[in-house]
Structures are given as C-alpha cells and as structure tokens.
C-alpha cells in the first residue's frame, strides 16, 4: 500500500506544546501550510461539515489535508477552503482518545483524523506510525478498532453511513 502525502493547514490557534500537527511535522510525517493557496488541488480535505463521507473509494487520491484549528472556529475557516478544488470528506463516527476530548465522538485532533482516514483508506501501517508519536495514540485504535475495521471494508460513502448508523 502506498503512503499518502499528508498536509496540514495550520491556523496558528493552538497551544504549540499540545499541537499534534506541529509534533507530526517535527517527525517529518506531514507538510505544514499557513496559506490556503499552497494546499495541493484535488486533495482530500477532512471536513466535518462535508456532505460526503470518506470511504475506501477515495483511496486513489494521494494527498490528504487536515485543518489544524480550534473546534470553536472551524465553521469560520472551512468556508474559505470551499473555493479550493478539494475533495471534501467527513470522517464517520469515532471516539477521540486525546487527553483534551477523550471519549467525545467526532472531536478528533489532527493526528487522530489522519490516522482514522489512513486506516479507512487501507493504510493501517501509516495510521499506526502517525499514532506512535503520542502516548495516547494506541488508545485511539483500541477505542475504535471495530468501527475502523468495518469502515475499511465499505465500498463507498453510502456504505460508511449505514455502518456509522449501526454504531450511533
């Protein structure tokens, strides 16, 4: 399985000591962007407000983008990204394992979002590599192993929604 190229649009809103995006950059696992126009066109943008869910059908796209910003400002930033030619995809129901949002559904940080997407797209090794950089990383896979396995076997976005509904 090919590794996906991972990009983060960094909005400079988080505590640098807790920023998962900066930590991933430190290990050269992602590319940080501070300008929207520098994001690669045609990429998957993990967008919690997207109408379509990420599914294994999206695995042909090589670049993936996560928005690294406060959950309080996400609704202000995503509309700016609508002007870019990106494939907006939402992640299905998963629980956060990070210390800030532990156990909260859909409140994933950047590392968890990348790992979930990579797992769903079939690159479990790259997902584990991302999570290995955090003390709580293994917990994310333990908490979500069953849904992630089910999501990774889906054919398309519609299948993902059906599987998600079984977990909610």
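The values are calculated or read from the model by the stated rules, or taken from the named source; none is laboratory data. In this text the structure is predicted, and so the values were computed from the model without any measurement. Glycine gets a Cβ as well: all are built from the backbone with ideal geometry, and neighbour counts include every protein chain shown.
How many residues are more than 18 Å from residue 167 (Cβ to Cβ) and touching a helix residue (DSSP H, G or I) at 6+ places or on another chain (Cβ under 6 Å) if we restrict to the range 96-120?
If we filter the range 96-120 for residues that are more than 18 Å from residue 167 (Cβ to Cβ), which is where we start, we get 98-100, 109-111, 114, 118.
Adding the requirement that they be touching a helix residue (DSSP H, G or I) at 6+ places or on another chain (Cβ under 6 Å) leaves 109-111, 114, 118.
Here the count works out to 5.
Would you say residue 85 is at pLDDT 80 or above, in a loop (DSSP other than H, G, I, E, B), out of contact with any helix residue (DSSP H, G or I) (no Cβ under 9 Å at 6 or more places or on another chain) and buried (at least 16 other Cβ atoms within 10 Å of the Cβ)?
no
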Legend entry - Total residues in the range 137-168, condition in contact (Cβ under 8 Å) with a residue 60 or more places away in the chain and in a helix (DSSP H, G or I): 9
Legend entry - Subset of the range 152-168 [under 10 Å from residue 93 (Cα atoms) and either touching a helix residue (DSSP H, G or I) at 6+ places or on another chain (Cβ under 6 Å) or surrounded by 13 or more Cβ atoms within 10 Å (Cβ to Cβ) (or both)]: 160, 161, 163, 164, 167
Inset, instruction - Go through 24, 32, 45 for me and flag whichever is outside any loop (DSSP other than H, G, I, E, B), modelled with pLDDT of 90 or more, within 15 Å of the chain's Cα centre (by Cα) and surrounded by fewer than 18 Cβ atoms within 10 Å (Cβ to Cβ). - result: 32
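What is the residue count in the range 48-68 for residues that are in contact (Cβ under 8 Å) with a residue 60 or more places away in the chain, in contact with a strand residue (DSSP E or B) (Cβ under 9 Å, 6 or more places away or on another chain) and part of a loop (DSSP other than H, G, I, E, B)? Show your work before the answer.
Our first condition is that a residue be in contact (Cβ under 8 Å) with a residue 60 or more places away in the chain; within the range 48-68, this holds for 52-59, 62, 64, 66, 68.
In the following step, the residues that additionally are in contact with a strand residue (DSSP E or B) (Cβ under 9 Å, 6 or more places away or on another chain) were identified as 52-55, 58, 62, 64, 66, 68.
Checking which are part of a loop (DSSP other than H, G, I, E, B) leaves us with 52, 54-55, 62.
Number of matching residues: 4.
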Inset, instruction - Give the residues of the range 90-110 that are modelled with pLDDT of 95 or more and either buried (at least 21 other Cβ atoms within 10 Å of the Cβ) or over 12 Å from residue 54 (Cα atoms) (or both), sorted by residue number. - result: 91, 92, 94, 95, 96, 97
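Filter the range 95-136 for residues that are outside any helix (DSSP H, G or I), within 20 Å of residue 61 (Cβ to Cβ) and touching a residue at least 40 places away in the same chain (Cβ under 8 Å) and give the result.
Across the range 95-136, the qualifying residues are 121, 122, 123.
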